[in-house]
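**Q** Sharing a structure, written as structure tokens. Questions coming.
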Amino acid sequence: GAVVSQHPSRVICKSGTSVKIECRSLDFQATTMFWYRQFPKQSLMLMATSNEGSKATYEQGVEKDKFLINHASLTLSTLTVTSAHPEDSSFYICSARDETPLSNQPQHFGDGTRLSIL
Amino acid sequence: GEDVEQSLFLSVREGDSSVINCTYTDSSSTYLYWYKQEPGAGLQLLTYIFSNMDMKQDQRLTVLLNKKDKHLSLRIADTQTGDSAIYFCAEILDSSYKLIFGSGTRLLVRP
């Protein structure tokens, strides 16, 4: 079945560091990927929609200069948290839209990245 | 705007049935979904229901949809300790393929 690989699974770094998270669709092409953020004991909050070959579409309240998204190929989207601070610590999850006709899964999810900023 | 609501917590004994409820707002969603999230992991699609269906059964899982009341439920029969997790209902916005998630229900199964 369709698989999405998210890397790294866990990052711990100092305040001010920029962190890049990768999201890959392993056996299918994804023109659209999504990035979510999840705070402890809360739901997934959509941050942005990543479109291959064009600019990402950010949800209201999400700083595009803080969370840089690049979707340069049909199998890879990256999220870079620039100059991360402790308040950016969270669980980040990506997903890839399944465009297969008659697919019953709208999106395939990665396993998430736990980001901890000291 | 879109809003999906769930009760936050449910505790059941092993072997009992669990019922997790959800209300949604976008009546145009084609599909409604149930996802399971175990600690520190991503989301696993459990089941889904097409909007013109009232019920769908898949092994231990039964989904009921009341479109008039915009109410969705997930029943887990013979709940096991391995079912302990957070369960999210979600509706899809057909125009953008975005998933709108509920707040999640934490299910605790007691031995």
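Derivation of every value follows stated rules applied to the coordinates shown; laboratory data play no part. These figures come from a predicted structure and were not determined experimentally. We place every Cβ from the backbone using ideal geometry, glycine too, and count neighbours over all the protein chains shown.
**Q** Which shape class, rounded, prolate or oblate, goes with region B:33-111 when its Cα gyration tensor gives a ≥ b ≥ c as root eigenvalues, a/c under 1.5 marks rounded, and past that a/b bigger than b/c marks prolate?
**A** Cα axes put region B:33-111 in the oblate bin.
**Q** Hey, for a label at residue B:8 modelled as a point 7 Å past Cα toward Cβ, could you say which residues of region B:97-111 have their backbone N under 18 Å away?
**A** So the set is B:102-109.
**Q** If you bin the C-alpha pair distances of region A:36-118 every 10 Å from 0, what whole percents do you get?
**A** 16, 48, 30, 6, 0
**Q** Ok, one more. Of the options A:29, A:112, B:31, report the single residue whose Cα projects farthest towards the positive end of the charge dipole of the protein assembly as shown (beta-carbon charges: Lys, Arg +1; Asp, Glu -1).
**A** A:112
**Q** So, in Å, what gap is there between the alpha-carbon centers of region A:51-96 and region B:42-108?
**A** 27 Å
**Q** Please give, to one decimal in nm, the separation of the simple spin-label points placed at residue B:97 and residue A:65, each 7 Å out from Cα toward the Cβ.
**A** 3.1 nm
**Q** Neighbour counts of other C-beta atoms within 10 Å: give me A:116, B:95 arranged from fewest to most.
**A** B:95, A:116
**Q** Quick one: if you stick a label point 7 Å off each Cα along the C-beta vector at residue B:26 and residue B:55, how many nm between them?
**A** About 2.8 nm, to one decimal.
**Q** Let's test the formula: R0 of 22 Å, r as the Cβ-Cβ distance of residue A:72 and residue A:27. What FRET efficiency results, to the nearest 0.05?
**A** 0.70
**Q** While we're looking at this one, here's another question. Considering only lysines 8 or more places apart in sequence, or on different chains, count the pairs in chain A whose C-alpha atoms sit under 15 Å apart.
**A** Step by step, the pairs that qualify in chain A add up to 4.
**Q** Would you order A:22, B:5, B:91, A:87 from fewest to most other beta-carbon atoms within 10 Å of each residue's own beta-carbon?
**A** Starting with the residue having the fewest Cβ neighbours, the order is A:87, B:5, A:22, B:91.
**Q** What distance in nm separates the two pseudo spin-label positions at residue A:39 and residue A:57, each 7 Å out from Cα along the beta-carbon direction?
**A** 2.6 nm
**Q** Which shape class applies to region A:8-68: rounded if a/c is under 1.5, otherwise prolate when a/b exceeds b/c and oblate if not, where a ≥ b ≥ c are the square roots of the Cα gyration tensor eigenvalues?
**A** rounded
**Q** Using a 4.7 Å Cβ cut-off, which Cys residues in chain A lack a partner cysteine?
**A** When partners are defined as cysteine Cβ atoms under 4.7 Å apart, chain A leaves A:13 without one.
**Q** Okay, next question. Taking the DSSP beta bridges in the protein assembly as shown as the whole, what percent of them are antiparallel, to the nearest 5?
**A** Once the DSSP bridges in the protein assembly as shown are tallied, antiparallel ones form about 90 percent.
**Q** Right, another one. Sorted from fewest to most neighbouring beta carbons within 10 Å, what does the list A:47, B:53 look like?
**A** Result, fewest neighbours first: B:53, A:47.
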